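Engineer: I have a structure I would like to understand better, so I am pasting it below and will then ask my questions one at a time.
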Number of protein chains: 2
Amino acid sequence: MESVNSDLQRERESAGISSEDFAVWWAGGRDKLQQRRAVERYFFDDPEFDDAVPPSCMSYKERYEHSIAKGTKFVARLRQWQRENGYNEQSVNLKAVHDFRLMLSGPLGTALFQQSFPLRLHFGMFLPSILNLGTEEQQRTWLERAWRMDGIIGTYAQTELGHGSFIRGLETRADYDVASEEFVLNTPSLSAYKWWPGGMGQTANMVVVLAQLYINGNHHGLQPFLVRIRDEQTHEPLPGIDVGDIGPKMGGNGVNNGFLGLRNVRIPRQQMLMKHAQVMVDGTFVRKAKPQLVYGPMVFVRVMIVRDAMFQLLQAATIATRYSLVRRQSPIEPGQAEPQILDHLTQQVKVLPQIARGICYRLVADELWRFYNDVTQSQSTQAQLAELHALSCCLKSVCTADSAEGIDMLRKCCGGHGYLASSNFDSIMGLANAAYTYEGEHTVLLLQTARFLLHNYEDALKRRVMPASITYLRLPVRHSWGNNLMENAVRALEISAVEQLRDAWEWLRQQRKRGQTLEQATNLSGRRLTAAATLYGHAYLTRNTLQQLKQLQKLPKLGEILAQLLELYILDSFLRQLSAILRWQSISARQVQQVEQRFEQLLTQLRPNALAIVDGFDFDDRVLNSTLGAHDGRVYERLMEQARRNPLNQESVNGSYYTHLQPLLRGKL
Amino acid sequence: MESVNSDLQRERESAGISSEDFAVWWAGGRDKLQQRRAVERYFFDDPEFDDAVPPSCMSYKERYEHSIAKGTKFVARLRQWQRENGYNEQSVNLKAVHDFRLMLSGPLGTALFQQSFPLRLHFGMFLPSILNLGTEEQQRTWLERAWRMDGIIGTYAQTELGHGSFIRGLETRADYDVASEEFVLNTPSLSAYKWWPGGMGQTANMVVVLAQLYINGNHHGLQPFLVRIRDEQTHEPLPGIDVGDIGPKMGGNGVNNGFLGLRNVRIPRQQMLMKHAQVMVDGTFVRKAKPQLVYGPMVFVRVMIVRDAMFQLLQAATIATRYSLVRRQSPIEPGQAEPQILDHLTQQVKVLPQIARGICYRLVADELWRFYNDVTQSQSTQAQLAELHALSCCLKSVCTADSAEGIDMLRKCCGGHGYLASSNFDSIMGLANAAYTYEGEHTVLLLQTARFLLHNYEDALKRRVMPASITYLRLPVRHSWGNNLMENAVRALEISAVEQLRDAWEWLRQQRKRGQTLEQATNLSGRRLTAAATLYGHAYLTRNTLQQLKQLQKLPKLGEILAQLLELYILDSFLRQLSAILRWQSISARQVQQVEQRFEQLLTQLRPNALAIVDGFDFDDRVLNSTLGAHDGRVYERLMEQARRNPLNQESVNGSYYTHLQPLLRGKL
């Protein structure tokens, strides 16, 4: 049997770039690349992490139990690896926690837990909550124990069955009882049940519960409380606790998302996390930090999600590219052999722009991360905070939506096989779909972005200084189409961002003049405002790409291919936003055709290097977990192997034949 | 406990139309409505068809066994119902088979088999194959037995692991052996394995196998063969048969899709289905029918799929509408209660156009069905056949793609809850996603449509008579924007359909002049050709809507609401295709704003009747099968009830605690 598909072999031999060069650049240097590969090998070579039965064939309960078995092994082996490699496992700080979170949503975590895993929120939300929301004393009490998981598995519960984005609407309440120096937590109605927290169903025994604080009947806002929900020894739910799993989802079925109801659950006063606000023994309430600071973690999470979206999109693009080079179909020339489907222009249009998009998302995620560090580590101005908040909202919305759309396209362009669970598009799509909603719903975040834009639009009219990402608000809304197609495209996007914003602003003013309140008028402008925010995102993404291109095209060996990819992304963005562009600018049919021709030319130029590029992302086969996308391209062999592993195929006649089909076939039903 | 959500109650009381009136119109009359309701009640009141455990919690194998148990009961009960209601179950003809197929993909079948079911292809493809492809003698031998399922459960196997759309590439071969008067069937390679047929894994015992016929080494095209694959008594695979299930998919997991390999499998000469071509005893090959006639069933299937797409979209729209009226979030006015989310304009934009779209798909499906009957029942011209073929290809592609996109939007606008399996978007989306590919892949069909358009474009240049759906090819490509917004919108779509076609045609000619072969030039024009075909679809859909509106708006009671819905669809289509429109026509920003304002105004007008309209589709709760979309609107109650049914919640501590979590928590891992 051949060890590598001969088409892939040939593609690799004839590529114009080295995928290893690409991998080194992509990883940020040879050291980082080798480091990552070493950690991956440590786990992937361990047979304990192989799945005997494909998880997609398991029942929901089996899948949970499987992910607990694998997840606990993972934690144990990781600690072992850390000891062997000189990491001090006792040290715990925000960086260690963040690194762990990155590992879980990065290649290694993805490879081991394709549908995420139930200890994720312990590291991703519970520990950061103690770090960000706990006093120093509370950190001393809880942090090391939690990091070692010494009797503690935690999660974080904010969202309720009936309440999501609007946090003031949350109903769970905590009443301070001065006599006993305790908080009494209650779920006053069905819609107040906590709903969604990962790991809360059967796994966690402690929860950071967000609840409305009341002292003597006075409301003091939403506060975090540390609540034990299961007995440390028996793991039985404690009195007053109603906890369980919320059931199967479109993806992330390893997460054990749970519900939680509280009935007169009492916790000591010390278990309100009091870094930002305090309740004294006598019930005095003291607010310490400005609520604005609380935004920090949310911004961080959204910055991370842009990276997740990139990662998921490129996984899917790698699978689709390899499949499109193995699959042969429909002769282009009559009488000739069926070509690799990536030779069809219609397939190139579906696949190659997604690769380019993923790379540009990576560039913007890096840029956003730099910005985040600048703003949070130095004395930042109110304006910078506002811009960071707006950018993180907007890019989270735009990148998750477009990445999910791209993954869907990549799945579809693999035809029927892309529909099989064994292609793994299902799992990738499942996680990508979740990101559209969680940590800030798409439309809600766009409306927040629009608020920032409206505010600055008025400043721009007053000729004030603009934040960096929207300096173009003060430029003229006319641009003469020059020879530089990319500059034309980016300017066109910026101008339509301004014009769409102007349109929303004027519409809003018009509604106000008709006597609507500001809020009513904002509601009636919702469609226009979200359109303006989306265009702001595309303008920022393409401008950032154009700026980075100037440096990247100078890179030895890779400069030319990166320039092609970045140009493809910019022109693709232009063509995809054409309706918004043409609405507000007079660009001729001929000028659009110019972009279109160059776009198609770039596809042709990139085609011979498509495999080398996706090889350069250096996804291990375990990460892709796909019958269609493995490095060796043995697509049909893997499809068949995977099908044969299906438990349904382990017996030649299924039991239901005797009980149901046979009576039917003999007319006895 | 309240029996109906009070918001829904209020919406129903204040609606301006009667949902029952709407239901009567939608069903095509009161008789038809009552008939459907009666059949549904017969099954839904039968506790045998309730699921003890949510199928989404089952393993893949359990799900199969569950669907076999339910499917065989369904067949038995249906026969009982037919006997009780005077149907003669012995009669079998194309209509009976088609009715059965319609029932399976209609409300009743959907309610009972949310992920489709493994006997479906017996009725949907196996029986029609015998009817369409078998001689009269073959029909006498097989038809009645197959209809009664007397020792026969069949399926239909065409697609192979390595071959789909390009049927000449199929590899399975049948060699005629004159000496024994048998065909010898073989799967010459891994990529030649049959792959996908529903029910083929563990259920069917006979298969219509499409194979390349060879007689004395001479090739005689693809022919259908009736092959027994499992023993009639024991159900064991017969010698030379390698059969199994291909594994879990994104949806349709009740179907038992299978693979099949054949090694020297012999069948008597009489088991080639010989209506269109015959092999005589001595090996003489006689072709009887023109291959063109073979298209008939494929066109029929695509016409049906447009109806399926409509049905799936409206299920999703009903769920999202009801949820959007129960869910309350984010005050519009500060200090006021959180409004129903359908009061947010941004939510109206997501939900209401999907309702309108589904209704217009229904109108076009009816129209296409009339056209199909005209063409197939009368002496039709070659031109009519070509138009029917193009229309069915194009509408299948456009409607399935846009319907899937709409369902995805409806799912997303239900936030996190839409992501839960219990919302049922997952199953609906799964089936909608499959339709993008099966029975003619999206892009392949658009390219076939484009071939028809190119041909007619050249005819139009020669001033020939045009088929009805493209008479506009001969109209001037300038249209003055008049007072009738809908007419403006439809004309704008028609003109861009012409212009995009012209662009593709010119580009193709240009490539030819550069020395490319026709096929190469066509490949290089692929992006432009599919764009032209898509616009043809939108032009046809909106023109059909506009034509029907003239009649429908006269309807008593419902005329006004239908006029609003159809107008919303037309204006929405215009706005969604704006880039293609503005590329080729000079329409001012002000004119676009006019459409936009009217579009938003229609949303406001439709809002108060949204619930009455979706109630009027008259989907039983069992059909929607959704915690979010039930008629009583008890969303949170159902979410919690469904979560509690999850087997993971049946024990207070999961077994994996003792084996894995406890050792971890005690530092013993």
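The values are calculated or read from the model by the stated rules, or taken from the named source; none is laboratory data. Source: prediction; values computed, not measured. Cβ coordinates were reconstructed from backbone atoms using ideal geometry, including for glycine residues, and neighbour counts include every protein chain displayed. To get the accessible areas, we keep the full protein, side chains included, count just its heavy atoms, and leave off ligands, DNA and RNA. Shrake-Rupley method; radii C 1.70, N 1.55, O 1.52, S 1.80 Å.
Engineer: Exactly one condition in (1) more than 14 Å from every other protein chain (Cβ to nearest Cβ); (2) at pLDDT 95 or above; (3) part of a helix (DSSP H, G or I) is not met by residue A:98; state its number.
Structural biologist: So the condition that residue A:98 fails would be (2).
Engineer: Where residues in region A:181-191 are more than 10 Å from chain B (Cβ to nearest Cβ) and either touching a residue at least 40 places away in the same chain (Cβ under 8 Å) or not in a loop (DSSP other than H, G, I, E, B) (or both), which of them is nearest to the chain's Cα centre (by Cα)?
Structural biologist: Here the residue is A:187.
Engineer: Residue B:384: open to solvent by 10 Å² or more (accessible area, probe 1.4 Å), part of a helix (DSSP H, G or I) and at pLDDT below 95, yes or no?
Structural biologist: Yes.
Engineer: Hey, could you check region A:563-582 for residues that are part of a helix (DSSP H, G or I) and within 11 Å of chain B (Cβ to nearest Cβ) and say which is most open to solvent (accessible area, probe 1.4 Å)?
Structural biologist: The qualifying residue most open to solvent (accessible area, probe 1.4 Å) is A:576.
Engineer: A further question on this structure: If you go through region A:226-242 one residue at a time, do you hit one that is within 30 Å of residue A:433 (Cα to Cα), in contact with a Gly (Cβ under 9 Å, 6 or more places away or on another chain), open to solvent by less than 20 Å² (accessible area, probe 1.4 Å) and more than 14 Å from chain B (Cβ to nearest Cβ)?
Structural biologist: No; the residues of region A:226-242 include none that is within 30 Å of residue A:433 (Cα to Cα), in contact with a Gly (Cβ under 9 Å, 6 or more places away or on another chain), open to solvent by less than 20 Å² (accessible area, probe 1.4 Å) and more than 14 Å from chain B (Cβ to nearest Cβ).
Engineer: Residue by residue through region B:440-474, note down the ones that are more than 11 Å from chain A (Cβ to nearest Cβ) and under 30 Å from residue A:433 (Cβ atoms).
Structural biologist: Passing the criteria: B:440, B:445.
Engineer: Here is a follow-up. Starting from residues that are under 22 Å from residue A:618 (Cα atoms) and either of a type in the set (Lys, Arg) or outside any helix (DSSP H, G or I) (or both), keep the ones in region A:37-89 and report whichever is farthest from the other protein chains (Cβ to nearest Cβ).
Structural biologist: Among those that are under 22 Å from residue A:618 (Cα atoms) and either of a type in the set (Lys, Arg) or outside any helix (DSSP H, G or I) (or both), it is A:37.
Engineer: Against the condition of a type in the set (Phe, Trp, Tyr), in contact (Cβ under 8 Å) with a residue 60 or more places away in the chain, at negative phi and part of a strand (DSSP E or B), how does residue A:225 come out, does it pass?
Structural biologist: no
Engineer: Another question, if that's okay. In region B:389-412, what residues are open to solvent by less than 10 Å² (accessible area, probe 1.4 Å) and over 14 Å from residue B:442 (Cβ atoms)?
Structural biologist: Result: B:390, B:391, B:406, B:407, B:410, B:411.
Per-residue answers, yes or no, for (1) touching a residue at least 12 places away in the same chain (Cβ under 8 Å); (2) in contact with a Lys or Arg (Cβ under 7 Å, 6 or more places away or on another chain); (3) open to solvent by 20 Å² or more (accessible area, probe 1.4 Å):
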| residue | (1), (2), (3) |
| --- | --- |
| A:282 | yes, no, yes |
| A:304 | yes, no, no |
| A:314 | yes, no, no |
| A:321 | yes, no, no |
| A:342 | yes, yes, no |
| A:350 | yes, no, yes |
| A:353 | yes, no, no |
| A:356 | yes, no, no |
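Engineer: A follow-up question, please. If we keep just the residues of region B:523-550 that are more than 14 Å from every other protein chain (Cβ to nearest Cβ) and without any contact (Cβ under 8 Å) to a residue 40 or more places away in the chain, which is farthest from the chain's Cα centre (by Cα)?
Structural biologist: Here the answer is B:550.
Engineer: Okay, moving on. Considering region B:138-164 alone, what residues qualify as being assigned to a helix (DSSP H, G or I), among the acidic types (Asp, Glu) and free of Cβ contacts under 8 Å to residues at least 40 places away in the same chain?
Structural biologist: none
Engineer: Still on this structure, please answer the following. Scan A:553, A:585, A:520, A:601 and give me the residue that is away from chain B (no Cβ under 14 Å) and open to solvent by 20 Å² or more (accessible area, probe 1.4 Å).
Structural biologist: Every option except A:553 fails the conditions.
Engineer: I've got another one for you. Looking at (1) within 13 Å of chain A (Cβ to nearest Cβ); (2) surrounded by fewer than 16 Cβ atoms within 10 Å (Cβ to Cβ), which is the only condition residue B:252 fails?
Structural biologist: (2)
Engineer: Is it the case that region B:650-664 has a residue that's more than 12 Å from chain A (Cβ to nearest Cβ), open to solvent by less than 20 Å² (accessible area, probe 1.4 Å) and hydrophobic (A, V, I, L, M, F, W, C)?
Structural biologist: Within region B:650-664 (the criterion being more than 12 Å from chain A (Cβ to nearest Cβ), open to solvent by less than 20 Å² (accessible area, probe 1.4 Å) and hydrophobic (A, V, I, L, M, F, W, C)), the answer is no, since none of the residues qualifies.
Engineer: Can you find even one residue in region A:476-485 that is in a helix (DSSP H, G or I), touching a residue at least 60 places away in the same chain (Cβ under 8 Å) and open to solvent by less than 80 Å² (accessible area, probe 1.4 Å)?
Structural biologist: Scanning region A:476-485 turns up at least one residue that is in a helix (DSSP H, G or I), touching a residue at least 60 places away in the same chain (Cβ under 8 Å) and open to solvent by less than 80 Å² (accessible area, probe 1.4 Å).
Engineer: From the list B:136, B:48, B:62, pick out the single residue that is surrounded by fewer than 19 Cβ atoms within 10 Å (Cβ to Cβ), over 24 Å from the mean Cα position of the chain (by Cα), charged (D, E, K, R) and over 30 Å from residue B:629 (Cα atoms).
Structural biologist: B:136
Engineer: How about region A:633-649: which of its residues are buried (at least 21 other Cβ atoms within 10 Å of the Cβ) and not in a helix (DSSP H, G or I)?
Structural biologist: Passing the criteria: A:633, A:646.
Engineer: Here are some conditions: (1) more than 30 Å from the chain's Cα centre (by Cα); (2) surrounded by 24 or more Cβ atoms within 10 Å (Cβ to Cβ). Residue A:203 meets all but one. Which one does it not meet?
Structural biologist: All conditions are met except number (1).
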